[in-house]
């Protein structure tokens, strides 16, 4: 049965099965995730979440990324996942069709600090939590996302329970109960994309996973075959009650691996952006000569791009119309590209009207990390076209170590300062050898910042 096999994978996999290559990939995911989380700690949704946490009487000993405040491990998992996903700059797993690392590390670092876990144990637990996300994502199939479920949040509760359960040393039977408890809190809708609640959904999933594992450890029961058969999670949330659940033998951390974002916007825009930047550079295209920007999408690959006329920065992240226009006019996209003022610029609004979505034929369901994207820019000098097959940040078009370092420092330095940012990067790079993983969380706290929860 799928539930039992998944629980056994989490609890019974020996530490030595998580090899050096897997641990290195997990370390890279931690660097990217903490960078995104620290950068998002001052976002509007994180600030509102912090104000809410001030009303919660929780024992203040768990660290909040990029903040001076502390709270309980469960509430820290919530806040850190909100902050980590607030900018939509966090990584992606193509077979999940979602963002795996933020809910995992938000919940997992809370557990690791409470358990005084080593860096190696933290990373091994992440690899196993990621594997749970991958296998559940594959078992759910494309229908889950296409029907409107926010899979980062729905599966994030389950994968987070797995990571936390591993760190707390749950038995296989307890892990099965934890999955049942987490499934009860599995929620999140694509309809909320482009609003603050997209990040809140991920925060709730991290907290749900943490609480599920802790409750299971304390003897709380649930259905112990929650994924299996009629009425099970896969049947209710997925395509049908699968008699033969798809299986995987490769580790997801290695195949297909984690995709790292170059730009802080929905991954469904990234192949198009790569094509636009390439065409502009190769043909010296100026914004003033552009008559049309046509972006060809395979079936379902622009489903997450729910805003055609964005009014603010959050909506702009989920709009190919805005992202394409900004790429042509500004020549680059960064964190500053997604403020309300940036989206509302009159030249951008005018250029957005020249961006056209083109539905391309294809068999099956595609996404920002599956398939390809066609881009054509029509100017007074002619029409320039390209097809982009490799997703930026994927193993086929990877970010270099220098790219990753630059992204991390760009995210972290404005919050904790250059010296601390460098120290944090050094600590993260050697986390596998750390006796306690909490040293990284402590370095993520700025030295001079008012405590809003005091």
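For residue 1 and residue 147, the difference between the fully extended length at 0.36 nm per residue and the C-alpha to C-alpha distance is 50.0 nm. Values of log10 I(q)/I(0) for the stretch 198-332 across q = 0.16, 0.19, 0.22 Å⁻¹ run -1.04, -1.20, -1.33, by the Debye formula with one identical scatterer at each alpha carbon and no solvent. To the nearest ten degrees, helix 401-416 and the longest principal axis of the Cα atoms of the chain are 80 degrees apart.
Quick check on the stretch 2-237: take the gyration tensor over C-alpha atoms, sort the square-rooted eigenvalues as a ≥ b ≥ c, and tell me if it's rounded (a/c under 1.5), prolate or oblate. Rounded, because the longest to shortest axis ratio a/c is under 1.5. Legend: calculated FRET efficiency, residue 386 to residue 406, from the Cβ-Cβ distance at R0 = 41 Å, rounded to 0.05, equals 0.95.
Principal-axis analysis of the Cα atoms of the chain puts helix 418-429 at an angle of about 60° to the longest axis.
Comparing Cα centroids, the stretch 79-95 and the stretch 347-404 end up 22 angstrom apart.
Sorted by packing (mean other beta-carbon atoms within 10 Å per residue), highest first, where do 168-176, 116-124, 198-206, 76-84 land? Don't skip to the answer; put the middle values down first.
Numbers: 168-176: 19.9, 116-124: 22.1, 198-206: 28.6, 76-84: 32.6.
Ranking, from highest mean packing down: 76-84, 198-206, 116-124, 168-176.
Sorted by mean Cβ packing within 10 Å, highest first, what order do the peptides 139-151, 45-57 take? Display every interim value, and only then the final one.
On the way: 139-151: 19.2, 45-57: 16.2.
For the peptides 139-151, 45-57, the packing ranking is 139-151, 45-57.
Compute the convex hull volume of the Cα atoms of the stretch 2-88, divide it by the residue count, and report the result per residue in Å³ as a whole number.
On the way: hull volume 12.8 nm³, N = 87.
Dividing the Cα hull volume of the stretch 2-88 by its residue count gives 147 Å³.
Taking the empirical scaling 2.2 N^0.38 Å for compact globular proteins as reference, the chain has a Cα radius of gyration ratio of 0.95.
The residues 340, 91, when put in order of fewest to most other Cβ atoms within 10 Å, stand as 340, 91. When each of the peptides 352-365, 249-262, 16-29 is scored by how many other beta carbons lie within 10 Å of its residues on average, the order from highest to lowest is 249-262, 16-29, 352-365.
Can you tell me the relative contact order of the chain? Whole percent, Cα pairs under 8 Å, sequence separation 6 or more. Can you show the working numbers first?
Values: 970 pairs, mean separation 95.8, N = 454.
Rounded, it is 21 percent for the chain.
If R0 equals 41 Å, the separation of the Cβ atoms of residue 20 and residue 221 corresponds to a calculated FRET efficiency of about 0.60.
Label-to-label distance, residue 281 versus residue 68, with points set 7 angstrom from Cα along the beta-carbon direction: 4.2 nm.
Between the helical axis of 2-12 and the longest alpha-carbon principal axis of the chain there is an angle of about 70 degrees.
How much of the pair distance distribution for the stretch 267-388 lies past 27 Å, counting alpha-carbon pairs only, in percent? Don't jump to the answer; show the numbers that get you there.
Working: 792 of 7381 pairs.
Of all Cα-Cα distances in the stretch 267-388, 11 percent exceed 27 Å.
Computed over the stretch 149-261, the P(r) curve from all C-alpha pair distances, binned at 5 Å from the origin, holds 2, 13, 18, 19, 22, 17, 7, 1 percent per bin. Between residue 435 and residue 250, the distance separating the two model label sites (each 7 Å from Cα on the Cα→Cβ line) works out to 4.0 nm.
We did not get these values from a lab; they are worked out from the coordinates using the rules stated. What you see is a predicted model, and the numbers here were worked out from it, not measured in a lab. We place every Cβ from the backbone using ideal geometry, glycine too, and count neighbours over all the protein chains shown.
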